[in-house]
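Report on the structure given below.
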Amino acid sequence: MLVLVANLGSTSFKYRLFNMDSGDCLARGAVERIGDDESRCSVTIGDWSDTMVMPVPDHGVAVAACLQQLTDPQHGAIAEAGQVAAIGFKAVHGGRMSGTFVVDDDVLDAMAEMNAAAPAHNPPYIAAMKLLRQRFPDLPLVAAFETEFHRTIPDSRSTYAIPKPWTDEFQVRRWGFHGASHQYIAERMAELLQRDDAKLISCHLGGSSSLTAIRAGQSVMTTMGMTPQTGLPQNNRVGDFDPFALPLIMQRTGDSLDVTLQRLASEGGLLGISGRSGDIRDLEQAADAGDTDSQLALDVYVEEIRRHLGGMMVALGGVDAIVFTGGIGENSRRVRRGVCADLESFGIVLDDAMNESADDETQLSADDSKTQIWTVPTNEEWIVAKRAMKALGRHAT
């Protein structure tokens, strides 16, 4: 039983092919720089890797390139696309449809209704889904929305203080995202701790970042809100921001609302503060060389994580484990050290030596820490694959 999981970005298409009977990942690949004159299409199947460079004007062509490589006559993982039981999409925002669904016109309509809330994500997904429905009408497509894991958050933590019709009619609420990643952390930590009632704070830190408080495997609080732009500062997205500052900015710059929002979404975040880069690795290097704006960007990022961490500890009534995942969470010793600094009075003590040498899945807490601290690589695609099987009435073995 094979499931192809697709993860789309505004200019990228990443995928994995899973054997659901064994749990093995048979192939993985990516198409980068979609829309450029030359795009890089790479695939790894076992010991074989292949890269081809070709024009990929849109995500539809990216999907076709993916299938071409997967069905390579000599090295391909599948003989034909018909061997795939389903294609699961790590879809972002379905608004009124928050769950996992076999893609039909209603699902596509629900996603289109949220285009304004996820302009970099929903349109590419819709285009790719429409193309595949036409090309492979007998192949089920499944949309696993990122908001699904957060449906257990109580209304008191998901409702904005706005006119009620906006909440009821326009679906304006704190939806939360990165749901597949946080769900994986919940499931994996239940195995590592050998208990399913743990209080966890999952820190998904990367180019896009969010924290989620988890109790007994369920999301009870998260940092992202109505859109993926909110919560923690991102690499180039503003994060939480006072909307009443917009009129002043527009008046001073002369920019329209659309231009101002576009700048907040692409020139904000760590890039906006540093004026240099939104990549933590670049900022750490620049900060070590004495660049004060880069250091400020790092400080703001860490302080925002700590602010939300404290609120989640209160919401949970304590925490059994703090888990760092994502590209930054797994690799930045500096960020982990900053987040955990001076929390001994809360029973949170980082082992400095373990933090410096951490690799892959590692416990980082000191022996006298009441709260365990972990770094755990996430596996969002596996969660999407399992959700896809469930949507089809099947189960992974």
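The values are calculated or read from the model by the stated rules, or taken from the named source; none is laboratory data. As the structure is a computational prediction, the values presented were derived from the model and not from experiment. Note that each Cβ is placed from the backbone with ideal geometry, even for glycine, and that neighbours are counted across all protein chains shown. The area values use the complete protein model at the heavy-atom level, side chains included, leaving out ligands, DNA and RNA. Shrake-Rupley method; radii C 1.70, N 1.55, O 1.52, S 1.80 Å.
Here THR71 does not fit the description of being more than 23 Å from ALA27 (Cα to Cα) and not aliphatic (A, V, I, L, M).
Can you find even one residue in the range 51-73 that is part of a strand (DSSP E or B), out of contact with any helix residue (DSSP H, G or I) (no Cβ under 8 Å at 6 or more places or on another chain) and at pLDDT 90 or above?
Looking only at the range 51-73, we keep the residues that are part of a strand (DSSP E or B), and these are 51-54.
Cutting the leftovers down to out of contact with any helix residue (DSSP H, G or I) (no Cβ under 8 Å at 6 or more places or on another chain) gives us 51, 53.
Subsequent filtering for residues that are at pLDDT 90 or above retains 51, 53.
Within the range 51-73, one or more residues are part of a strand (DSSP E or B), out of contact with any helix residue (DSSP H, G or I) (no Cβ under 8 Å at 6 or more places or on another chain) and at pLDDT 90 or above.
Looking only at the range 93-129, filter to residues that are crowded, with 16+ Cβ neighbours inside 10 Å, closer than 11 Å to THR227 by Cβ and among the aliphatic types (A, V, I, L, M); which one of those is modelled with the lowest pLDDT? Per the stated criteria, the residue is ALA120. Within the range 215-228, the residues that satisfy the criterion of being open to solvent by less than 10 Å² (accessible area, probe 1.4 Å) and among the small types (Gly, Ala, Ser) are SER219, GLY225.
The rows are residues; the columns are (1) assigned to a loop (DSSP other than H, G, I, E, B); (2) among the aromatic types (Phe, Trp, Tyr); (3) surrounded by fewer than 15 Cβ atoms within 10 Å (Cβ to Cβ).
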residue	(1), (2), (3)
PHE149	no, yes, no
TRP175	yes, yes, no
HIS182	no, no, no
ALA186	no, no, no
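Any residue that is in contact with a Phe, Trp or Tyr (Cβ under 7 Å, 6 or more places away or on another chain), in contact (Cβ under 8 Å) with a residue 40 or more places away in the chain, closer than 23 Å to TYR160 by Cβ and open to solvent by less than 10 Å² (accessible area, probe 1.4 Å) - is there at least one of those in the range 194-214? The answer is no, given that none of the residues of the range 194-214 is in contact with a Phe, Trp or Tyr (Cβ under 7 Å, 6 or more places away or on another chain), in contact (Cβ under 8 Å) with a residue 40 or more places away in the chain, closer than 23 Å to TYR160 by Cβ and open to solvent by less than 10 Å² (accessible area, probe 1.4 Å). A single member of GLY275, GLY231 is closer than 21 Å to SER332 by Cα, open to solvent by less than 60 Å² (accessible area, probe 1.4 Å) and either at pLDDT 95 or above or not polar (S, T, N, Q) (or both), and it is GLY231.
Among residues of the range 326-352 that are among the aromatic types (Phe, Trp, Tyr), those with a beta-carbon under 8 Å from a residue that is open to solvent by less than 50 Å² (accessible area, probe 1.4 Å) at least six positions away or on a different chain give the pairs PHE346/MET313; PHE346/THR371.
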